[in-house]
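Notes follow the structure.
The numbers here are math on the coordinates, done by the rules we state, and not lab data. Here the structure is a predicted model, which means the values were calculated and not measured. Positions of Cβ are backbone-derived with ideal geometry, glycine not excepted, and every protein chain shown enters the neighbour counts.
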Amino acid sequence: MDPAFSAETRHADLEAMAAGPLDLLVIGGGITGAGIARDAARRGIRTALLEGGDFASGTSSRSTRLVHGGLRYLEHGWLRLVFEASRERRILLRIAPHLVRPMAFLFPVHAGARVGRARLAAGLWLYDLLSAFRNVHVHRTLSRRAVRKTEPQLRSKGLLGGAVYYDACCDDARLVLANVRAAHRAGALVASYAAVRSFEKAAGQLRGSVVDDLVDGRQLTVRAHVTVNATGPWADAIRQMDEPGAEPVLRPTKGVHVAVPHARVGNTGALTMTSPIDGRVMFVLPWDDVTVIGTTDTDYDGDPGAVGPTADDITYLLRSANALFPDARLAPADVIAAWAGLRPLLRDGGQAATAAVPREHRILESASGLLTITGGKLTTYRSMAAELVDLVAMRLHRLDGRSLAGRAPTADEPLPGGEVADLELLVRELVKERLSEAAARHLVATYGSEAMAVANLAVRDSLLAEPLASGMPVLRAEVVHQARREMALSVSDVMMRRTHLFRQHPGQGTEVSPVVAGLLARELGWDAAREAASLAGYLAEVQRMRQALTPPPAS
Ligand SMILES: Cc1cc2nc3c(=O)[nH]c(=O)nc-3n(C[C@H](O)[C@H](O)[C@H](O)COP(=O)(O)OP(=O)(O)OC[C@H]3O[C@@H](n4cnc5c(N)ncnc54)[C@H](O)[C@@H]3O)c2cc1C
């Protein structure tokens, strides 16, 4: 059985962080910080990871969920990034096969589109070349008829043909969680809802971080030889905490997605398209019973914690999708959920269009020694982490002469749940445990080799075997598992990041959220007030999201 990863381990880890000096403190539990903590702990570096909210509550649960080479980047000549991302795609498909799955994308071409057939064909050859022809499959071009057959609901007027190419889709928040848990397994001390508020220095060098424990309402100081700022869109705020007046390095851009009922769009698979409004590359993606359309790309300079979709963002996405699927006639009332995230992109010094802002990452070192890593992609997090931890290892070597031999085998070791050679075999084993095939498939896709642990909870307690919400295969047992093994500490943690109820369930599963609160209360020993507060916290998130969907009253 996998070690616990829960409110209890969180408490113990915070005590241990406060007690002793560490080698490395990583601030930020998105994909970047999670990858760094896993890599560092695996090299034997005494590591702590602090996340101010829930793991992946920032950008890393609001992505398009693609593990991709980045076809679009070819237009900007970012060949090195495509090469690196293609390699990382191959690695992630191997180490987390349950969370990262191959996906075919149809790229249709209509008359007058910004990307014509010849340009698309040339791009796709280059795309396959940059993955050393080791992508899931090589692309193929399609005639107009073949495109019509593949996607019958697609606008036929002006359709010239298209192509199918391959990338991968993933569960972004669970990929973060898998990395955080891998870090914990390798010995890292880990806590969510623990926010760094200020720094302590000695002779101008950063020595400690003052941390608010947002669960127990106390403050502690964590001392470490090296501190890494992996806070994505918050990176400049942390840099300015270290060096008041530090010049910002970020140019955050906002990306919005909407989820609509799949039946309304009628797409049979994933599509890459150019928006007829402004020619930007966008995606139409099948996520179970919903179709997700995204994304926008606009400059944003507000509070990263307050980013949200606007009515204009939603109109843009729906109009773009309607142009491609004219029978869908999508209107704001059809939107099940909408959400926004911030790309922590780097300022390029110029006024380039948002889509042309480089997606490369950068590592900066301040006078006090704070290492900041920002930019990059979900897809490339593992190699970014290895590069950053090389620097940490060098610093530690300079400090006390220790030798941290070589890089960690993060490309070869499966992530938690990824220790599985045959996912279908696992599905069949779960069906033998009297689970429905839909439930078995869902558990395997969510937990991989750990699916049996969830199934066992359901087998032992028939109440836990019940589906949580109608129309989705999520089981009550998952909430218990998530509290014990995935550090779920609130109703929102379950509904928004460990399951997909917030984004994919019509009504955001609000009617079952009291059941989730009740199960968590039993697991976490909450009193009635704490249970009610956690439930209210989730309902407030739902309310905030729905406000964005409600058109303002006509004046
Ligand atoms: C709309 C959109 C779509 C995208 N699609 C894709 C895609 O399909 N594929 C892809 O590869 N990439 C994609 N990306 C890019 C990718 O999502 C990001 O590069 C990546 O998630 C950034 O991760 P991060 O860990 O750096 O930042 P974050 O995920 O934002 O993590 C930073 C964390 O730091 C925490 N934090 C902040 N301040 C503090 C503090 N004081 N103390 C403790 N913790 C703190 C925050 O709570 C947050 O959780 C997309 C991005 C967006 C916005």
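What the table shows:
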item: Alpha-carbon radius of gyration plus Dmax, which is the widest Cα pair, for region 1-141 in Å; result: 20.3, 66
item: Förster radius 45 Å - calculated FRET efficiency between residue 218 and residue 390, Cβ distance, rounded to 0.05; result: 0.80
item: Normalised contact order of the chain, rounded percent, pairs of Cα under 8 Å and 6 or more residues apart; result: 19
item: Student exercise, the chain dipole from Lys, Arg, Asp, Glu Cβ charges, in Debye to nearest 20; result: 1760
item: Overall form of region 396-529 per C-alpha gyration tensor (a/c, 1.5; a/b vs b/c); result: oblate
item: Unit charges at the beta carbon, dipole of the chain: most positive-side option, 537, 311, 487; result: 311
item: Share, in percent, of DSSP beta bridges within the chain that are antiparallel, nearest 5; result: 80
item: Dipole of the chain, positive end: most advanced residue of 406, 113, 520 [Cβ charges, Cα centre]; result: 113
item: Region 74-183, Rg to Rh (Cα coordinates; Rh as Kirkwood inverse mean 1/r); result: 1.05
item: C-alpha center-to-center spacing [region 428-489, region 1-37] in angstrom; result: 26
item: In order through region 251-267: 3J(HN,Hα) via Karplus (6.51 cos²θ - 1.76 cosθ + 1.60), integer Hz, x for Gly, Pro; result: 10, x, 10, 8, x, 10, 10, 10, 10, 10, x, 4, 4, 6, 8, x, 5
item: For region 380-487, size of Cβ-based charge dipole, Lys and Arg +1, Asp and Glu -1, in debye; result: 280
item: Extension gain (nm, one decimal) between residue 323 and residue 104, 0.36 nm per residue minus Cα-Cα; result: 76.7 nm
item: Förster-model FRET efficiency, 25 Å R0, residue 544 and residue 288, C-beta, rounded to 0.05; result: 0.55
item: Between region 139-193 and region 254-293, the alpha-carbon center distance in angstrom; result: 12
item: 10 °C / 1.306 mPa s Stokes-Einstein diffusion coefficient of the chain, Kirkwood radius on C-alpha pairs, µm²/s; result: 66
